[in-house]
1. Given (1) in contact (Cβ under 8 Å) with a residue 60 or more places away in the chain; (2) buried (at least 21 other Cβ atoms within 10 Å of the Cβ); (3) hydrophobic (A, V, I, L, M, F, W, C); (4) in contact with a helix residue (DSSP H, G or I) (Cβ under 7 Å, 6 or more places away or on another chain), identify the lone condition not met by residue 142.
2. Among the residues of the range 196-252, write down those that are among the hydrophobic types (A, V, I, L, M, F, W, C) and either under 30 Å from residue 278 (Cβ atoms) or part of a loop (DSSP other than H, G, I, E, B) (or both).
3. For residue 339, state whether it is without any contact (Cβ under 8 Å) to a residue 60 or more places away in the chain and either touching a strand residue (DSSP E or B) at 6+ places or on another chain (Cβ under 6 Å) or farther than 14 Å from residue 69 by Cβ (or both).
4. Return only the number of the condition from (1) within 20 Å of the chain's Cα centre (by Cα); (2) surrounded by fewer than 18 Cβ atoms within 10 Å (Cβ to Cβ) that residue 240 does not satisfy.
5. Consider residue 413 carefully, then state whether it is touching a residue at least 24 places away in the same chain (Cβ under 8 Å), surrounded by fewer than 16 Cβ atoms within 10 Å (Cβ to Cβ) and more than 18 Å from the chain's Cα centre (by Cα).
6. For the range 144-160, give me each residue that is within 14 Å of the chain's Cα centre (by Cα) and farther than 25 Å from residue 276 by Cβ.
7. Of everything in the range 289-311 that's crowded, with 19+ Cβ neighbours inside 10 Å and aliphatic (A, V, I, L, M), which residue is nearest to residue 364 (Cα to Cα)?
Amino acid sequence: MRRIILFSTLILLGTASFAQNLNKGKVIEVPKGGFYDDVVLKDVHQVNDSLDAPKPKLKFIMDMTGMKLPNKVNLYTSQWANPTLSQGNAGTCWDFSTTSLYESEIFRQNGKKVKLSEIYLTYWEYVEKSRRFVQEHGNSEFGEGSEGNALTRLANVYGLMPESDYTGLIKGRKYHSHSAMFDEMDSYLKSVKRDNAWNETEVLATIKSILNHSLGEPPVKFNVEGKEYSPISYMKNYLKLNPNDFVEILSYKQKPYWQKVEYEVTDNWWHSADYYNIPLDDFMKAVKQAIRSGYTMSIGGDVSEAGLSRDMQCAIVPDFDIPSAYINDDARQFRFSNQTTTDDHGMHLIGYVENYNGDGKDWFLIKDSSAGSRNNDKNAPEFGYYFFSEDFFKLKMMGFTVHKDAVKEILNKFN
């Protein structure tokens, strides 16, 4: 019996020695491609795409073929501004256009060429929108848009910052993309309203957490030319810029002229009533005088027009819309009231050319941050610019932000 047990034990030991793994495993990356991906699925996708292909979008536009157009930057007398910069997939034209105005003004006043952080101000604008949303128990607009004079309000509280110290681009991004971030904040605020959870400290902490995750947290101190600054001290002591020196000029007939009024649009979410409302002729005179006197201005109005060509980058009022002689206060108000003129985009007016077509009218050089002005050669000097005819500006641009010294005559009439 013991022999049998001993023999069995020897067999088991021998078997165990032979049962050791001779093969080894490893973790690999799943190969891309192959017959299934490259042939089978490709065929499936091609057929599905052809079956589900959306119908082409059609749009009625003005045919500018053969027209003599001033769509070259070198035709314009212009003031200094930084090169054009894309706002990416973010509703921040109000910020990009007016930050660009601030940069031009810093150079005009102090001779310093600086690049400021747009996203630093966007960050704090979302915080302030959220604050008012809580204070008004949800009865306050929360969107991506805003107005040019938001920068005065924000800079007075939070200061300004160099772009090099806060780009808002993290995780390898080259272009801003705020849609997912906005959706998360919007969804959160809706839940706050649903649950009646109006704890301002808690809400703002959550909003900042979302912003920090998506944009990075803004620094509270930074160095410029070997000296440490806070955003406020940088603005006051280095840039020597006073945000209160900028004013909003508006022209619409639904409010009394020669009064400070509220601009009644969604993006004026804090209901600012600091707009100097003036008749159209005075409005256009102010624009033309300011740009000739060395000032630039951020402008806001409607660019979703048949007379704006993305290919030519020019904006004209076609006579099938309205003849030039009929563009007046009523024509503007009619379009604003029926919403064919909307407050949909902010840009920076930096130059002009006069009497280009012998009609005595100006064209304006417009620095832009949207994708619409970027459909030409990216290396061309015109990349990122529009060229607005005087009539287009007169009919479709509702207001502008400018240094108060550029419009002294107008402001004196309000005092």
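Values quoted throughout were computed directly from the atomic coordinates according to the rules given, and no laboratory measurement underlies them. Keep in mind that what you see is a predicted model, and the values were worked out from it rather than measured. Reconstructed Cβ throughout: ideal geometry from the backbone, glycine too, with neighbour counts over all protein chains shown.
1. It fails just one condition, (2).
2. Residues satisfying the conditions are 197, 198, 220, 235, 239, 241, 246, 247, 249, 250.
3. Here the answer is yes, as residue 339 does meet what is asked.
4. (1)
5. Yes, satisfied.
6. Passing the criteria: only 144.
7. 291
Residue-wise test of (1) buried (at least 18 other Cβ atoms within 10 Å of the Cβ); (2) more than 25 Å from residue 262 (Cα to Cα); (3) in contact with a Leu (Cβ under 8 Å, 6 or more places away or on another chain).
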residue	(1), (2), (3)
364	yes, yes, yes
369	yes, yes, yes
380	no, yes, no
384	yes, yes, yes
389	yes, yes, no
392	yes, no, yes
398	yes, no, yes
